[in-house]
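J.: This is the structure I want to talk about, given as structure tokens.
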Ligand SMILES: [Zn+2]
């Protein structure tokens, strides 16, 4: 399944995470830029209990497949890869 961007849709993002507990998401600016594209696993402790996850400053790119996320990031930001990988939830870098 293709990656999904969530913008101004915290409920949608939370529902997606509940349905995809082994999925991944990229934390990006509302208008994604190549220098800020951080890969996380669903359930990352850095986002527990936080609001404003998908707006107005940020958006989230969700997928079960990191490769699908790389493709979506490439399409949207003209970059090849994530800017960094979260050190708290330590997602794998391929798959
Ligand atoms: Zn994380």
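FYI, it's all coordinate maths here, none of it is from the lab. Only a predicted model underlies this, so the values are computations on that prediction, with no experimental measurement involved. Backbone-built Cβ (ideal geometry, glycine too); neighbour counts: all protein chains shown.
J.: Does any residue in segment 70-95 that is on the phi > 0 side of the Ramachandran plot come within less than 6 Å, Cβ to Cβ, of a residue that is within 16 Å of the ligand (Cβ to nearest atom) and not in a loop (DSSP other than H, G, I, E, B) six or more places away or on a different chain, and which pairs are these?
T.: 95/66
J.: Tell me, which strands (runs of 3 or more DSSP E) wholly within the chain include 2 or more residues that are within 16 Å of the ligand (Cβ to nearest atom) and surrounded by 14 or more Cβ atoms within 10 Å (Cβ to Cβ)?
T.: 24-29, 37-41, 58-63
J.: Just a yes or no: is a residue in segment 43-60 in contact (Cβ under 8 Å) with a residue 24 or more places away in the chain, on the phi > 0 side of the Ramachandran plot and under 12 Å from the mean Cα position of the chain (by Cα)?
T.: Looking through segment 43-60, at least one residue is in contact (Cβ under 8 Å) with a residue 24 or more places away in the chain, on the phi > 0 side of the Ramachandran plot and under 12 Å from the mean Cα position of the chain (by Cα).
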